[in-house]
Every structure is written in C-alpha cells, then in structure tokens.
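Structure, as structure tokens:
We did not get these values from a lab; they are worked out from the coordinates using the rules stated. If you're wondering where the values come from, they're calculated on a predicted model, not measured in any experiment. Here the Cβ positions follow ideal geometry from the backbone for every residue, glycine too, while neighbour counts run over all protein chains shown.
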Amino acid sequence: VCTSRFWFNYRHVANTLSVYRSVKRLGIPDSHIVLMLADDMACNPRNPKPATVFSHKNMELNVYGDDVEVDYRSYEVTVENFLRVLTGRIPPSTPRSKRLLSDDRSNILIYMTGHGGNGFLKFQDSEEITNVELADAFEQMWQKRRYNELLFIIDTCQGASMYERFYSPNIMALASSQVGEDSLSHQPDLGIGVHLMDRYTFYVLEFLEEIHPASQTNMNDLFQVCPKSLCVSTPGHRTDLFQRDPQNVLITDFFGSVRKVEITAETISLDPNLTAFESKPPKEEFAAEPLKYAEQLPVAQIIHQKPKQKDWHPPGGFILGLWALIIMVFFKTYGIKHMKHIF
Amino acid sequence: MAAPLVLVVLAAVTVRAALYRSSLAAFISERVEVASPLNAWKRVVEGLALLDLGVSPYSGAVFHETPLIIYLFHFLIEYAELVFMITDVLTAVALYLAIQDFNKVVFKKQKLLIELDKYASDVAELIRTPMEMHYIPLKVALFYLLNPYTVMSCVAKSTCSINNTVIAFFILATIKGSAFLSAIFLALATYQSLYPVTLFAPALLYLLQRQFLPVKLKSKSFWLYTMQYAALYLCSLVVIICLSFFLLNSWDFIPSVYGFILSVPDLTPNIGLFWYFFAEMFEHFSLFFVCVFQINVFFYTIPLAVKLKEHPMFFMFVQIAIISIFKSYPTVGDVALYMAFLPVWSHLYRFLQNIFILSCVLIVCSLLFPVLWHLWIYAGSANSNFYYAITLTFNIGQILLISDYFYAFLRREYYLTHGLYLQRQDGTEAMLVLK
C-alpha cells in the first residue's frame, strides 16, 4: 500500500512498486496481490520520462510497465477501503481482484509506505489510520480466521509506533524507524528531480535481490538489514506475538509463493495396470542465478510474440487437378491438332 | 473494328488507373453500394490473411468467396489492381465478340423470315440493316467499360467484376454455339454466385435454336439435347465443387458461400431489397420470407421461357437483369452487366414508353444513395427508411426499365408480323395495349 499522492512523493510509489516486483518475481501472482497506489507518477505532467517509475538513480530500473496490476488506484486508496480489504467486509459487487481472498492457511505480507507520525499513518493527505484501528483490524482478521501468519512492514517516519498496539497472535512486524525518528530517503535523481527511494526499502530490496525461491534465508537476516550506519534511522521489529522462532521462518514464507515439495532423485515407473496411482510430485524450479527484479518477466517477448508466419500454399493435388481440367477443356474445344503449335 | 475497341480499352484502363492512384479509391471501396459482404475486397484480404495464420478463412462470417478465388488471389494479390482491370477488359472483349456474332445470327434469321414471307408488308422501317448494326458491338464494349458503375466496381476491387467476366464468357460460348464451353462457364458462374443457374434456360433455348431443334415437349431430339446439356452442366459443376474441396480439404465453403447467399444472415444495407425487410422482421417469420424472396428470383424463368422461346438472347438479357435486381446482395457491378446490353436493343427505342423518366429515376437515385447514406449514418438526421426508400425507387426504376424493354420488344415482334399500322376489322385504327 502506498498512501501518498503528488509528484514529490515519487519515492513512495517507487518503494511499493519495487516490493511488488520482488514479490512477483518470487512467485506470488497478481491474483494474490492487492496493490494500492495513487498511480499518478508515471503519467504525471512533471515526469520527464513518461510512463516510467524508476527506482534507482541514473534510471537503471523501471518498475512501472504494462504488467503492473494496480487494484486500488488514485482516490480509491482510502482508509475505509484498506480496512474493508483487510477485514473482508466488502460490498458483493467488488471484483475478485480487489478482495483479499485469504483463509486460515494463508500467510499475508502487508507493506505500507507513506508519511506517518506517532501512532498514525497519513492516507493521501486527507485522512489518517491510527495504530489502534490497525490493531483492531488485525484482530478481526484473526477472529475470522483470515490469516495463518502475518508479516507487517512499514516504511514511514516513526513507523514503529504503528505496530505497538498489535495484540493478535501470529503477527510479526518490521518498521523503518523508531518513535521519534524520521525515515529518510535514499537518493535524489537529478534527471527526474525527486528522491527515488527510501533508505530502508532500498536496503530491504537489495537484501531481497539475493533471495530466490529456494533460499533458506530467515527472518533474523531481514532484521539485520539496514543498520543505523546505512539507514540513519533505527529499524525496529516486533516478534513477541509470533509463535515460531524467527530463526526458523523463511523469507520465502511471506515474500514468495513456494510450495513445500520434496525433490526425489529416484525414478518411479508408472504401471498402467494400477488405477489409483499418484503421479510424480512436481519438481520445484528455481532460477539458477539471481534475477534482477526488473527482468523477472520476459515482458517484451510475451507482448510482441506473433504467431509464426507460415505461408499457406494451395495443395499440389488441387493445382494439378485444376490445370489438368483447364487443359482438357482447351483441347476439347480447339482440338488436339493445335498441340503441335503450342509445343 | 479492332482499332476503336483498342482505343476504348485504353481509355477505360486510363480512367481506372487514374482513379486507383487518387484518394477516391479508398472512399469508393467503402461504399456499400459497390462492395457487398459477398464480394468486398477487404474480406478477400482478410480471408487470405487468416489462411496465412493457419486458420480456415470460412470460420467466422467474414469471408464468403469460393475457393477458386482464394487460389486466384493467393498468387495475384500484389497485382490486384491489374487483375481487376484485366477482368474488365476481358469482359468487354468477350461481350464485343459475342454481340458481333449475335448480330450475324440476327441478320441471318431476319433474312430467313423475310424470304419466308413471315413479315407484314409495311414494316420496312423496322427491318434492321447491317449498316446500323455495325457499331453495336463497339457500343456494348463502351457501355460496359465506361459505365460509372463498372468503373466504381473495378476501383473498389469488388469480385463482382470476376463474376461478370465469367458470365460474359458464358454468353460468348453460348453464342458461338459450343455447348461444352457454355456448360462449363455456366457451371463456373453458378459456382461463383448461385443465381446464374437461371441462365440455363436461355442458353439451352439458344443452343437448340442454333441446332434447329424445335422446342416441343414431345420431341425426342429436344429432350436428348436438353439432357446432354444438363448433364454437361451438372457434371462440370460437381467437378468444380469437388475440386474446391481439395483446396482446403473441407466442405466449409458450402455453407459459407451458398448458405450465406440463400439464408441472407448479413443485413448490411445495400442496393437490394432484402436487408430492410429482414432487419425488421420477427424471427418467427424470417424463414418463410427468405424462401419467398429467393423463389422470387427463380420464379420468372419458366414464364419468360414460355413467352420468349423464339428470342433467347433477349430472354438472357431479361434474366440477367432479374438476377441483378432480386439477388440477395446486389451491387452496382451487377447492374452494369445488363446495362451493357442496352445498345443491342437500341432499335426498340421508338417503342419505349418511359425511357426518359426511368433514366432520370436511375440517375437521381444513384446520386442520392451517398447523400442519404451520409445523412443516415454520419449526420444522424435521417434513418434507414430514407435509404431504403432510395433503394426501393432505384429497384422500381430498374424493374420498369426491364419491363419497358420487354414490352417494346414484344410490340416490335407483333408489328413485324402484323404490320405497323394496325387496323381493326372495321378498318379504324387499332392500338396495341398490354393487358
């Protein structure tokens, strides 16, 4: 969720889109992502590179594109909609892409960025959500069994205040700064004219770059990301409500969509006589080398794929038959004696 | 006579080439009066593109051309403009040669009837001389090539020109007397658009006349010849249809082409009579009315055959006109074909009663078609009734033209045998009236 709008809050949109891309790269499909953005950066008249949102200076990585599915955009990003998505109290006409269709086995990752203060988060310069409301929303989710485990990451000023009030089990929270501290932005880009990313998210993303679907990195490593020397603010985390040890929680439990499969090296022969026989468990595929999050989907290839142009030719039998008929008719009308004039 | 023909051909080709290069070409090819769903060039290109993508062109209701057209244009698609210009030239040349031979036949028949004393005594001014008939073939070619309808149809690259060429070759083969070629071209013409099957009767009558076989139902030689001709025609039709099967290895083309022609599913406005009726009809009745409208095309063959059995070429002309008026998707290209024959009957001019008003109706309606189309579709200040009114008026004009010529022809025949100045039994002047 990106809770800011206007051109000077470019970095919040870039933050959110970068996390979105990482999460998609690690396997979570758009049907399982609810992306809330003000979405006024790419086509902003002040954007010198229209239709792009860069997350790295020198315009190296464009995180916008036509494979970004924004579910709530512009003025739909409100506190009410956010809470409705979380608690599931949505009017029946809402499309599936705008719903959080989770059940009690789902692990949910919530990433929020924007401008915040002690105990509140500002939504689109017009309203606020308080930490109490957020904690109550999570309690509703727990009582309705809408999550198994929940990871809450927030990158705003005084972000730790937002997770102080949680009281539902199985929630782990991370914030970019403690109460009384401001989260700072990372790099301005002189070509675009605004800051492109926030520090905490930048280092979290650098960390996520090393993750691939089979990696065994756990939450303790994530807590070490962005020490004070790099981030200027002190990141905080809260794990007391979480039942497992963070040492044992894989990053990919929340950031990726990884099936718990076991790869077996032995071959199994499928006997055709046996009717109730399970097929081989699906092998888990992972990238051989870490992928940059900008190249995760071969977008250009998918979009511009044209069906191969195979030229159609009339079948030989047809041509033969047709011309044989024509020659027969010709000779029937004009007589065989003309043949010697032609050949 | 070849030199003036070449000159006419050159003029026609220049006009067409000039129009192809101008911006009018795109405008004309979009006109519904010129391009119908059956013969629009856009659909030919679409069908061939579908074929290149590996999909049958008959899937979906886009392409309604026969497989032989697919074969023809598969190799000639870059030279499409040349192909259409050549087909127009071929049609004109075929008509020219056909009418030349026909004039000879007419003259011979006239001579025979004069010697047999079949004509009345005072009809000298009605007898046709070779002098006046000398320029008729050239006029026919001229009428076909420089007719604005033909030019528009060619510039729009509508395959109607190809249909006209096949029919023209059929007429040429019939007049030359070759039953074999005539049956083959008739089969091709029927295969292209279903309606020329009604031209079987006039062709048969002409060939019988040429063989001096009397058209009597009891005569054995009549039936023998009819059976032979019918067998030739049907066999060549079957052979052509089976050959088309081998182009795409499917029978898809039959419902797409003939099913489409007969069941009229596409109700795009055109200059015909079908679209408006079926647009406002309840589905319950549509089958009945489709049958009624289609029977209307084929219905006039037998009565006309009975009446015009001595004059098969005129019968052919009237039949072609009836096909172009009552077919399910007519275009101005079809109208141009029978208008090309009008110089052949120019000797009937003195008997035509309404020619001035009818030509005005036809010209004004042709000019009003684009106006009312614009008012209906673009300006929104008219509706389909307006356009249909013009369609109706145009078709009424055409029907009255044909019936006028028909009546004039019959009148001339009557005067030839009964004399120009008719008298009743008591000697007062009589008038010939059509009842």
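Computed values, structure above
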quantity	calculated
Taking the C-alpha atoms of the range B:1-154, convex hull volume expressed per residue in Å³	165
Which of A:Asp71, B:Asp334, B:Asp52, A:Asp245 has the fewest Cβ neighbours within 10 Å, and the rest in rising order	A:Asp245, B:Asp52, A:Asp71, B:Asp334
Estimated FRET transfer efficiency (B:Glu30, B:Gln110; beta-carbon r; R0 30 Å; 0.05)	0.05
Label-to-label distance, nm, for residues given as A:Arg96 and A:Thr130 (7 Å Cα→Cβ offset)	3.8
Compactness of the protein assembly as shown, expressed as Rg and Dmax over alpha-carbon positions, Å	41.3, 133
Length-normalised contact order of the range A:12-158 in % [C-alpha pairs under 8 Å, at least 6 apart]	23
For B:Arg350, A:Arg5, order by how many other beta-carbon atoms lie within 10 Å, fewest first	B:Arg350, A:Arg5
Distance histogram in 10 Å bins (all Cα pairs of the range B:304-435, percent per bin)	11, 35, 29, 16, 8, 2, 0
Among B:Phe222, B:Ala35, B:Ala94 - extreme Cα towards positive end, dipole of the range B:1-360, charges at beta-carbon	B:Phe222
Whole-angstrom gap from the range B:231-273 to the range B:275-323, using each part's C-alpha centre	19
Rg/Rh (Cα only; Kirkwood hydrodynamic radius) as it applies to chain A	1.24
Cα centre as origin, Lys/Arg/Asp/Glu Cβ charges: the range A:7-255 dipole, Debye	300
Cα-based Kirkwood hydrodynamic radius, the range A:12-92, one decimal, Å	13.8
Set B:Lys104/B:Lys139; A:Lys332/B:Lys176; B:Lys111/B:Lys307; B:Lys111/B:Lys220; B:Lys218/B:Lys309 screened for pairs whose C-alpha atoms are more than 18 Å apart	B:Lys111/B:Lys307; B:Lys111/B:Lys220
Distance in nm between pseudo-label sites at A:Thr234 and B:Asp117 (7 Å out along the Cβ direction from Cα)	13.9
Sparse-neighbourhood loop sites, chymotrypsin sites (Phe, Trp or Tyr not before Pro) in the range A:1-99 - DSSP loop, at most 14 other Cβ within 10 angstrom	A:Phe6
Pairwise FRET efficiency - A:Thr52 versus A:Phe331, Cβ, R0 = 56 Å, nearest 0.05	0.20
Surrounding net charge for B:Val371, when Lys and Arg each add one and Asp and Glu each subtract one, Cβ distance under 15 Å	0
Surface/4 of the Cα convex hull for the range A:138-213, nm²	7.1
Size of charge dipole - the protein assembly as shown - debye, nearest 20, with Cβ of Lys, Arg +1 and Asp, Glu -1, no other charges	4300
Spin-label pair B:Leu76/B:Leu146, simplified geometry with 7 Å Cα→Cβ offset, distance in nm	2.6
Residue range of chain B that is longest and free of chymotrypsin sites (Phe, Trp or Tyr not before Pro) which are both DSSP loop and sparsely packed (at most 11 other C-beta within 10 Å)	B:1-211
Rule-of-thumb Rg ratio for the range B:158-296 [Cα; 2.2 N^0.38 Å; N residues]	1.24
Cut-off 10 Å between beta-carbons: net charge of the residues surrounding A:Leu174, Lys and Arg +1, Asp and Glu -1	0
Cβ-based exposure ranking for B:Cys235, B:Cys154, A:Cys231, A:Cys43, in which fewest neighbours within 10 Å come first	A:Cys43, B:Cys235, A:Cys231, B:Cys154
Computed over the range A:89-197, Kirkwood Rh from alpha-carbon pairs, angstrom	15.4
Kirkwood Rh and Cα Rg combined as Rg/Rh, chain B	0.97
Partners for B:Lys118 among aspartates and glutamates (Cα-Cα distance below 18 Å; same-chain residues under 8 apart left out)	B:Glu310, B:Glu413
GNM result for chain A, Cα springs below 10 Å: residue of A:Phe242, A:Phe330, A:Phe138 fluctuating most strongly	A:Phe330
Within the range B:160-243, trypsin sites (Lys or Arg not before Pro) in DSSP loop having at most 16 other beta-carbon neighbours inside 10 Å	B:Lys216, B:Lys218
Rounded FRET efficiency, nearest 0.05, which uses the C-beta distance separating A:Glu262 from A:Leu83 and R0 of 45 Å	0.70
Amide hydrogen neighbours beyond the local backbone of A:Glu149, cut-off 5 Å, H modeled	A:Asn107, A:Ile108
Chain B, helix-only ellipticity at 222 nm - DSSP H runs n ≥ 4, -39,500 (n - 2.57), divided by all residues, nearest 500	-21500 deg cm²/dmol
Exposed GluC sites (Glu not before Pro) absent: longest stretch of chain A, with sites in DSSP loops and at most 14 other Cβ within 10 Å deemed exposed	A:70-209
Pairwise centroid distance, computed over Cα atoms, of the range A:16-42 with the range B:337-353, Å	77
Unit charges at the beta carbon, dipole of the protein assembly as shown: most positive-side option, A:Ala42, B:Phe185, B:Val290	B:Phe185
Residue-averaged beta-carbon neighbours from other chains (10 angstrom radius) around B:245-256	2
Loop-located trypsin sites (Lys or Arg not before Pro) in the range B:80-151, at most 15 other Cβ atoms within 10 Å (DSSP)	B:Lys118, B:Arg128
